[in-house]
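Here is the structure we will look at, set down as structure tokens.
The values are calculated or read from the model by the stated rules, or taken from the named source; none is laboratory data. What you are looking at is a predicted structure, and each value in this text was computed from that prediction instead of being measured. With ideal geometry, Cβ positions are generated from the backbone for all residues, glycine too; neighbour counts draw on all protein chains shown. These area figures cover heavy atoms from the full protein model, side chains too; ligands, DNA and RNA do not enter into them. Shrake-Rupley method; radii C 1.70, N 1.55, O 1.52, S 1.80 Å.
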Amino acid sequence: IQPRMQSFFREHGYEVVRFNHMKGPQLTEYTRVTAADMIAALRSIDGPDVEALIQFGANLPLAAIADEAERWLGKPVIPVNTATYWHALRHNGIADKMPGHTRLLSEF
């Protein structure tokens with residue numbers, strides 16, 4: 001998946017600085033990832049050269065801690081499920097803001 005993701009972002013003018021593929025022995029293992037695991041993963045790819053952290057993989061429950069992570073990282077953290085929900089709302093003319101659910105949902 002990594003080469004495809006990097007290619008997608010490069011085609012849209014973004015550089016993938018670092019990538020962390022949180023592999024599990026089975027697909028269902030992603031739903032058992034702890035908040036501590038996700039925090040460690042975010043920290044492993046963060047750095048001064050990173051402008052935002054984007055999570056792909058709908059089975060990873062990052063949305064629950066993404067808003068908090070934005071505060072301690074000082075940059076956007078965008079989980080795929082949150083972005084998909086935001087896009088569906090905006091695409092259907094719903095512009096409601098949702099404070100406490102990442103900058104994407106609370107500001108845009």
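Whenever a residue of region 1-24 is within 14 Å of residue 52 (Cα to Cα), its partners that are part of a loop (DSSP other than H, G, I, E, B), lying with C-beta atoms within less than 8 angstrom and at least six residues away or across chains, give the pairs 9/15; 9/16; 17/47; 17/49; 17/50; 18/47; 18/50.
The set of residues in region 58-89 that are surrounded by fewer than 18 Cβ atoms within 10 Å (Cβ to Cβ) and in contact with a Phe, Trp or Tyr (Cβ under 8 Å, 6 or more places away or on another chain) comprises 59, 80. Yes or no: region 79-90 includes at least one residue that is assigned to a loop (DSSP other than H, G, I, E, B) and without any contact (Cβ under 8 Å) to a residue 40 or more places away in the chain. The answer is no, given that none of the residues of region 79-90 is assigned to a loop (DSSP other than H, G, I, E, B) and without any contact (Cβ under 8 Å) to a residue 40 or more places away in the chain.
Taking region 42-93 as the region of interest, how many residues are within 15 Å of residue 106 (Cβ to Cβ) and in contact with a Gly (Cβ under 8 Å, 6 or more places away or on another chain)? Adding up the residues that qualify gives 1.
Within region 43-57, is there a residue that is part of a helix (DSSP H, G or I) and open to solvent by 60 Å² or more (accessible area, probe 1.4 Å)?
yes
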